[in-house]
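Where a number appears in this text, it was derived from the coordinates with a stated rule and is not lab data. Since this is a predicted model, take the numbers as computed values, not measurements. Cβ coordinates were reconstructed from backbone atoms using ideal geometry, including for glycine residues, and neighbour counts include every protein chain displayed.
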Amino acid sequence: MSLLKLTHLKVHFPTQDGIVKAVNTIDLDIEENGKVGLIGETGCGKTVLGLSIMRLLQPDTRIKGENVYKGRDLLKLSEEEMRKIRGKEIAMILQNPTTSLNPVLKVGDQIAEAIRLHQGLDKRAAKEKVVEMLAAVKIPSPEKRANEYPHEFSGGMRERVMIAMALACNPTLIIADEPTTGLDITIKMQIVRLMKEVTKQRSMLFITHDLDAAAEICDNIAVMYAGELVEYAKTEAIFKNPRHPYTQGFLNSLPNRGLKPIRGMSPSLIGIPNGCRFYPRCDHAEAACKIQHPEMVELGNGHFVRCLQYDRS
Amino acid sequence: MLRKKTFAIGICILVAFSIIAIFSPLLTPYDPYKIIETPLEKPNKNHVLGTNALGQDIFSRLIYGTRATLLIGFIGALVSISIGTFVGTVSGYYGGKIDEFITRAIDIIMTIPMFPLLLVLSIFLTPNMLGISVLMGILGWAGFSRIIRSQVLSLSEYNFIYSVRAMGARDPYIMAKHILPNILPLVVVKFVFAAQNYMLMGVGLGFLGLGDPSMIDWGQMINCAYTNGGFALGMWWWLLPPGLSIAFLSIAVSLVGYSFEDEINPRLRRMVS
Amino acid sequence: MIEVKDLRKHFSSGILKKHSTKAVDGISFLMERGETLGLVGESGCGKTTIGRLLLRLLEPTSGKVIFDGIDLQQLKKAELRRLRPRMQMIFQDPDASLNPRMTIADSIAEPLKLWRKMGKSELKERVSELLEMVGLNPEHLNRYPYQLSGGQNQRVVFARVLALNPDFIVADEPTSSLDVSVQAQILNMMQELKKEFNLTVLFISHDLEVVRHISDRIAVMYRGKIVEMGNTKDVLGYGKHPYTNALVSPVVIEEDALLQGDMKPVNAFGCVFYPRCPFAAESCSKREPEMVEVEKGHWVLCDKI
Ligand SMILES: Nc1ncnc2c1ncn2[C@@H]1O[C@H](COP(=O)(O)OP(=O)(O)OP(=O)(O)O)[C@@H](O)[C@H]1O
Ligand SMILES: Nc1ncnc2c1ncn2[C@@H]1O[C@H](COP(=O)(O)OP(=O)(O)OP(=O)(O)O)[C@@H](O)[C@H]1O
Ligand SMILES: [Mg+2]
Ligand SMILES: [Mg+2]
């Protein structure tokens with residue numbers, strides 16, 4: 001059963017230089033209990049996609065399409081109804097732990113705030129829960145750490161605080177925006193294991209640059225380029241048999257696969273030309289690619305690609 | 001949406017009061033200092049709110065009173081917020097010994113009850129209105145500076161401050177260019193609330209008869225009405241208008257202050273919870 | 001180029017300053033000009049703190065940092081300031097490294113305005129040059145940091161740091177918020193700069209693959225101490241310290257034996273790694289180990305070697 005279904009989702013930002021089309025016609029399905037990995041170049045719109053599901057973008061942002069969650073279109077809910085969903089139904093682990101934590105409040109109080117908001121626990125119970133959550137994300141001496149301020153934590157610890165905060169209210173869907181950045185390998189493995197454990201009965205949209213972690217956690221991977229999905233398939237298929245030239249190039253730039261960056265610059269999201277978005281950087285580009293914008297086609301077995309090589313229509 | 005409305009309403013009222021204050025000479029039917037009628041006249045065609053015990057036009061005095069109240073609030077807030085911002089920023093930014101010294105000093109200052117001290121000083125110094133406002137500002141910056149300090153302290157831990165320091169910028173530059181703009185929203189909110197506080201305090205002083213005798217202010221008017229038996233005689237038109245004005249003004253300032261406060265509350269905080 | 005002598009930094013916390021965190025606890029090393037030293041270690045072991053101490057953005061509790069023959073601790077404030085453009089740091093978490101109220105253009109131009117006397121047009125030119133160097137579009141110039149993605153902000157940080165042509169850079173997880181392709185671009189760019197300007201880099205990272213690729217030498221840190229140091233090949237290939245081995249092949253470590261990043265003093269005297277060390281002997285808890293040179297230029301802090 002589909003838990004969250006995005007249909008033709010578009011997110012545009014008006015800026016003084018023109019309209020930034022950060023997310024452009026995304027269709028994505030997250031099953032109940034499904035874990036979808038979202039990978040792609042920096043600045044391709046992953047975070048914006050996550051924030052638009054939570055409806056946390058600035059008011060002047062233009063959002064079109066549908067985000068149907070449990071049969072309700074989130075984009076049509078009132079702010080009050082949405083607030084009840086945030087944190088409790090859908091929680092987001094934000095990308096930048098330093099700026100997402102309030103520097104003047106103790107870490108424990110910030111987590112407690114989230115808990116008390118939705119669970120109606122009293123102060124003491126909330127405090128206990130905070131310590132429990134901090135321990136769950138492997139913060140050593142949690143009682144003491146709960147009384148410290150964010151700047152007294154190292155980068156990796158702050159990241160773990162963010163995870164604790166998101167888990168605190170037991171949400172059905174977690175949107176995790178690069179939760180393993182800044183963690184060392186041992187802790188990362190713990191966190192990955194932790195995420196796997198806590199998402200056994202949950203769904204997750206896992207935004208990441210860490211392909212190993214994505215491979216470990218997710219059932220399906222969506223590859224995004226310049227505001228749209230270019231490939232979607234089972235995790236194994238993406239890594240073993242990537243079909244889109246972008247995905248192929250992306251994987252080749254891994255340090256252990258040769259550290260070969262994709263040539264050219266990331267495209268501007270203002271005034272996107274017709275045709276394939278990846279065309280200027282693609283090694284397989286043909287004349288038609290410049291003119292015709294490819295559609296997502298299924299190659300079978302739940303493997304979708306947006307590339308004219310495969311688009312026979 | 002609601003926030004925008006409250007803000008708009010508050011600002012409108014404030015602007016209206018300011019216009020009244022600036023253009024009071026043009027708006028008053030009579031010279032507020034001049035004795036023009038028989039004293040204790042009831043409201044009538046010529047004198048909308050009647051006259052006071054000296055035979056001065058109450059309506060004209062009410063309008064002139066706006067000036068004093070607004071000025072006291074504004075100047076008082078300006079003085080205390082400026083000192084507070086400066087001291088708080090320096091203390092939070094430099095940390096170490098300077099910070100310790102300032103923090104201790106503020107702790108001591110904060111134990112001094114301000115309003116009684118203000119009363120005593122006003123009795124002894126009998127300052128004029130400007131003096132009163134500056135005095136209030138000087139007495140009131142400490143608490144505010146503490147808030148600023150803690151903000152600056154945590155801001156200094158942000159990497160962008162480290163990064164400007166690493167670039168070799170001078171401290172005053174960093175404070176002016178990087179710290180101040182980031183605490184400015186807070187400063188503005190505190191300014192608004194401080195102004196409100198000082199307005200009320202100014203009225204209080206006037207009511208106790210400690211205001212600037214050469215200026216007309218609402219507190220003084222109430223005091224005057226009270227001591228001259230306006231209360232006993234049930235002359236509500238003498239007592240009520242200044243009282244209502246100050247209440248109205250104070251509410252307007254609150255509206256603005258609260259909507260500002262909502263605005264600066266980090267949006268991100270709402271996100272996670 | 002850089003000489004660090006017995007550097008220490010203890011943070012005290014709590015009201016009575018009773019509890020003290022030894023973030024950096026007696027570290028010494030040397031860096032040659034043009035060398036890249038990779039610094040690895042678990043989260044919270046004090047890597048960022050070392051970076052800040054090297055540039056004297058933090059005052060050390062004790063110890064010395066000598067930069068190009070100059071003892072930083074002896075410098076007056078103004079002298080230190082004049083030295084600043086030569087040493088720069090790229091901070092962890094790019095979103096917090098830029099002033100949220102400054103446009104990207106202003107942020108990149110700031111170091112130039114501070115140190116180079118430039119006309120407006122020259123400044124503009126240099127800014128767009130830097131922008132291109134790090135792979136951003138001119139359309140980003142008038143935006144604020146919150147209007148860019150994390151990776152884009154990180155590139156802005158790069159541009160700012162490169163603006164002054166420093167000799168020495170501390171790069172604190174510079175690529176962790178970048179996708180693999182941009183990461184490859186940036187790493188290659190750093191290699192080139194290194195060759196071209198003989199740049200000295202302290203490269204802090206959690207990603208061993210990346211560190212392996214970019215560093216000449218590697219230092220492994222554990223709880224405020226360097227436990228192993230040597231050539232990249234030696235350390236990652238033939239690591240001697242049990243902690244290094246745990247890092248290199250983390251699969252073998254089980255949940256609780258795991259390195260949890262707690263900085264509480266385990267034992268006032270013994271080896272820092274003692275409580276978790278699979279080879280620990282009674283004697284390890286009593287005596288602090290000393291650095292021994294197992295091969296030329298390969299140092300290990302362990303008594304059992
Ligand atoms: N408020 C905004 N106004 C204008 N443009 C914006 C705004 N927020 C984001 N953008 C642009 O939208 C694009 C997508 O940004 P987003 O943060 O989603 O990237 P991302 O895929 O999460 O990248 P990263 O992996 O680096 O975090 C970027 O090019 C960014 O510059
Ligand atoms: N300003 C501070 N006040 C108190 N404690 C601090 C402060 N800065 C750092 N610490 C503590 O010092 C230790 C080392 O922190 P540091 O940031 O150097 O770790 P790190 O190795 O960079 O970790 P990460 O990889 O997670 O970024 C941590 O335990 C941290 O809590
Ligand atoms: Mg992002
Ligand atoms: Mg760090």
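With N the number of residues in chain B, Rg(Cα) / (2.2 N^0.38 Å) evaluates to 1.20. When A:Lys234, C:Lys296, C:Lys113 are sorted by how many other C-beta atoms sit within 10 angstrom of their C-beta, beginning with the fewest, the order is C:Lys296, C:Lys113, A:Lys234. Considering only alpha-carbon pairs that sit under 8 angstrom and 6 or more positions apart, the relative contact order computed for chain A is 20 percent. If both residues of a DSSP beta bridge must be in the protein assembly as shown, then about 60% of such bridges are antiparallel.
Pairs of C-alpha atoms in the range A:181-234 farther apart than 16 Å represent 45 percent of all such pairs. Look at the Cα gyration tensor of the range A:1-100: its axes a ≥ b ≥ c give a/c under 1.5, and that counts as rounded. How high is the relative contact order of chain B, in percent, counting Cα pairs under 8 Å that sit 6 or more residues apart? Contact order relative to length: 26 percent. Between the Cα long axis of helix C:150-162 and the first principal axis of chain C there is an angle of about 80°, rounded to the nearest 10.
Sorted fewest first by neighbouring Cβ atoms within 10 angstrom, C:Arg212, C:Arg116 come out as C:Arg116, C:Arg212.
Could you calculate the FRET efficiency of C:Met133 with B:Tyr226 from 1/(1 + (r/R0)^6), where r is the beta carbon distance between them and R0 is 56 Å, rounded to 0.05? E between C:Met133 and B:Tyr226, to the nearest 0.05, is 0.15. With each label modelled as a point 7 angstrom along the Cα→C-beta vector, the C:Ser62-C:Lys120 pair spans 5.6 nm.
Return the tail of the calculated pair distribution for the range C:2-237, meaning the percent of Cα-Cα pairs more than 22 Å apart. It works out to 54 percent of all Cα pairs. With a Förster radius of 35 Å applied to the C-beta separation of A:Gln16 and B:Cys12, the computed FRET efficiency comes to 0.70. When the listed pairs A:Lys106/A:Lys129; A:Lys5/A:Lys70; C:Lys64/C:Lys233 are checked against a 19 Å cut-off, the alpha-carbon distance exceeds it for C:Lys64/C:Lys233. Report D for the range B:118-187 in µm² per second (integer): Stokes-Einstein, Kirkwood Rh on Cα pairs, 37 °C, 0.692 mPa s. Once the numbers are plugged in, D ends up at 226 µm²/s. Length gained on full extension, C:Ile70 to C:Glu209: 46.7 nm, using 0.36 nm per residue less the C-alpha separation.
Helix C:104-115 and the longest principal axis of the Cα set of chain C meet at an angle near 80°. Here the dipole of the range B:2-272 is about 760 debye; that uses its Cα centre as origin and unit charges on the Cβ of Lys and Arg (positive) and Asp and Glu (negative).
Distance between the pseudo-spin-label points of C:Lys286 and C:Arg33 (7 Å out from Cα toward the beta carbon): 4.9 nm.
One decimal place: the segment B:Leu208-B:Met114 gains 32.3 nm when fully extended, by the rule 0.36 nm per residue minus the C-alpha distance. Fewest-first ordering of C:Tyr274, B:Tyr173 by other beta carbons within 10 Å of each residue's beta carbon gives B:Tyr173, C:Tyr274.
What translational diffusion coefficient, to the nearest whole µm²/s, does the protein assembly as shown have by Stokes-Einstein, given a Kirkwood radius computed over alpha-carbon pairs, a temperature of 10 °C and 1.306 mPa s viscosity? D, rounded to a whole number, is 52 µm²/s. Principal-axis analysis of the Cα atoms of chain B puts helix B:114-125 at an angle of about 60° to the longest axis.
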